[in-house]
Structure formats: C-alpha cells, structure tokens
1. If the chain between Asp255 and Leu18 were fully stretched, how many nm would it gain, using 0.36 nm times the residue separation less the Cα-Cα distance?
2. If the viscosity is 0.692 mPa s and the temperature 37 °C, what Stokes-Einstein diffusion coefficient in µm²/s follows for region 1-135 when Rh is the Kirkwood radius over Cα pairs?
3. Scaled to the compact-protein estimate 2.2 N^0.38 Å, what is the alpha-carbon radius of gyration of the chain, rounded to two decimal places?
4. Taking square-rooted eigenvalues a ≥ b ≥ c of the alpha carbon gyration tensor, is region 65-210 rounded, prolate or oblate, where a/c under 1.5 means rounded and, failing that, a/b exceeding b/c means prolate?
5. So what's region 39-115 giving for Cα Rg divided by 2.2 N^0.38 Å, two decimals?
6. How far apart, in nm, are the 7 Å Cα→Cβ label points at Arg162 and Asp240?
7. Each label point is 7 Å from the Cα along the Cα-to-Cβ direction; what then is the distance between the points at Arg180 and Glu150, in nm?
8. Compute the semi-axes of the equivalent ellipsoid of region 4-79, taking the square root of 5 times each eigenvalue of the Cα gyration tensor, and list them largest first in whole Å.
Amino acid sequence: MELHVVLPNESADLDPSLLTELAVLAEESGYGGVWLPDHLLPPAEYGGAYGGVFEPLVTLSYIAAATSRIRLGTSVLLLALRNPFVVAKQVATLDRLSGGRFTLGVGLGWDRDESAAVGAEFADRAGRTDESLRLLRHLFEQGQGPFEGERFGFGTGVFAPRPGPGLKIMVGGTSPAALRRAVRSADVWQSPPDKPAAFAERAAALRAEAERPLELGARAEWPDATRSVEDVAAEVREWDAAGADHLAIWFGPADGFADRMTALIRVTEAG
C-alpha cells in the first residue's frame with residue numbers, strides 16, 4: 001500500500017509556496033502522491049468543511065514543476081460545477097506538463113448553496129458529472145467530434161493535447177451511485193474517511209464487479225498531536241490489511257503538518 005498526502009489547502013492566509021514545499025518534502029520522504037481539495041464558492045469561510053482555497057489544477061501545475069516522481073491528484077474536483085470542455089483542456093495540459101503523473105479525482109459535491117452560487121443545478125449534479133466524464137473520455141481518446149449528450153455536445157472540433165497513458169480518473173464517494181460510477185467510469189476509487197472494515201467490504205464488491213483493474217484507495221486524517229505516531233501507524237497497517245492500494249492522509253493545519261507527515265513515514269518504513 002502506498003502512503004499519500006492530502007495537502008493543507010484550507011486557509012486563505014496560507015503562503016501558497018508552503019504547498020509546494022510540502023509536496024517536495026513528501027516526494028523526498030517516500031510518499032507516493034499528493035492531493036488537493038476543491039471548493040469554488042463555498043457559503044462560509046474556508047477551513048473545517050471547506051478546503052480548496054488555491055485552485056487545485058493551477059496549484060498542481062506549479063507543484064509539477066518542482067517535483068519529478070510523486071503523483072498529483074484532486075480529492076476531489078467538483079466536476080458538476082465546472083465547464084467540462086475547460087476541465088478537459090486543463091487536465092490534458094497538466095498531464096503533459098507533469099509527465100503523466102496526474103490523477104483527476106472527481107466527486108458530486110454536497111453543498112446545495114455552493115451549487116446555486118455558481119449557477120449549477122444541484123439536483124442534476126449526478127447526471128452532469130456522468131455526462132462530463134463521458135465527454136472527457138471521448139475527448140481524451142478520440143480527440144475530435146462528434147459527441148452527443150443531453151447537456152453537452154459538439155459536431156466538429158479538434159481536441160489537443162491528448163493525454164498519455166499515465167492519466168487516471170478517480171471517483172470518490174461511498175454511496176451506491178458513487179460505487180457504480182467508479183466501476184463504470186474510473187481507473188481509481190477513493191473512499192472518504194471511514195473504518196477499514198467497511199472499506200474492505202466495499203473493496204471486495206468493487207473488485208468483483210469491475211471488468212478492468214481498479215485501484216482502490218481511501219482517505220484518513222491525523223490532524224493534531226492528540227494521537228501518537230505509533231497509534232496512527234497501527235491504523236495504517238489496518239488499512240493495508242483491508243486491501244487499500246493507497247491511503248491519502250490529511251495531517252491537519254499547516255502548523256505541525258510537516259512534522260507529522262515525516263514522523264509517520266519514518267515509523268511505517270521502519271516497521
């Protein structure tokens with residue numbers, strides 16, 4: 001199981017260079033990936049439930065230039081709030097700039113007010129996400145029209161650059177619809193923070209249903225010093241035993257983040 005890092009992108013006061021510094025440190029320490037969250041226009045201040053102060057695709061492009069091996073991903077991009085043609089162009093460009101290290105993680109979003117604020121119909125977020133994923137796959141694989149959908153379509157047009165084989169699409173969530181979406185449309189599935197036993201049940205079902213290899217990962221949190229590194233390392237071993245291919249950990253606010261991140265990788269590698 002690979003250990004990944006969910007970078008601290010929740011404070012508008014954060015110096016954005018710290019995100020790059022932490023990504024470089026994660027790569028040097030042996031982590032397999034870094035992830036960024038996304039919220040476009042939340043109804044309350046960033047922090048707590050809302051991450052994504054710095055736009056993730058732009059920020060990951062900057063991080064790509066400072067790193068060489070670590071994988072880069074969104075966990076998760078709210079695809080239903082965005083124009084999928086623009087997302088496709090950004091994703092393909094980021095894939096090429098990073099040397100094929102990008103994973104586009106998408107989710108539906110849960111905040112009705114945020115959807116309304118950007119003019120997206122909350123009730124249609126599942127249908128819009130599914131059709132956007134179909135459009136992205138079409139653009140990436142075909143590179144031209146036509147594409148006909150209920151919400152999006154075009155007859156002629158050339159799409160470039162087309163991403164290489166390193167690009168992955170990840171679906172997050174644990175609802176039955178999210179699991180079906182992962183089987184249908186994704187290369188990777190990622191569970192939000194949960195119990196390893198519940199993850200193991202879903203993972204077994206997904207592996208049985210998927211017709212192609214599907215990477216299965218999860219999110220976890222170690223936000224402060226109230227837990228010991230040994231306790232967190234024991235939880236990591238539980239996730240490994242549950243069959244997770246990767247575990248992406250958020251180490252809390254920026255203060256103390258680097259210390260917790262490096263402490264965990266030292267203990268897990270030693271053990």
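The values are calculated or read from the model by the stated rules, or taken from the named source; none is laboratory data. The structure displayed is predicted, hence computed values, not measured ones. In this analysis, Cβ positions are derived from the backbone assuming ideal geometry, glycine residues included, and neighbour counts consider all displayed protein chains. For the accessible areas, the whole protein counts, side chains as well, though only heavy atoms, and no ligand, DNA or RNA atoms are used. Shrake-Rupley method; radii C 1.70, N 1.55, O 1.52, S 1.80 Å.
1. Working it through step by step, the gained length comes to 84.2 nm.
2. Once the numbers are plugged in, D ends up at 214 µm²/s.
3. Relative to the rule-of-thumb radius for its length, the chain sits at 0.98.
4. oblate
5. Against the empirical 2.2 N^0.38 Å value, I get 1.14 for region 39-115.
6. According to this spin-label approximation, the distance is 4.0 nm.
7. Calculated label separation equals 1.3 nm.
8. Working from the Cα gyration tensor, I get semi-axes of 21, 12, 10 Å.
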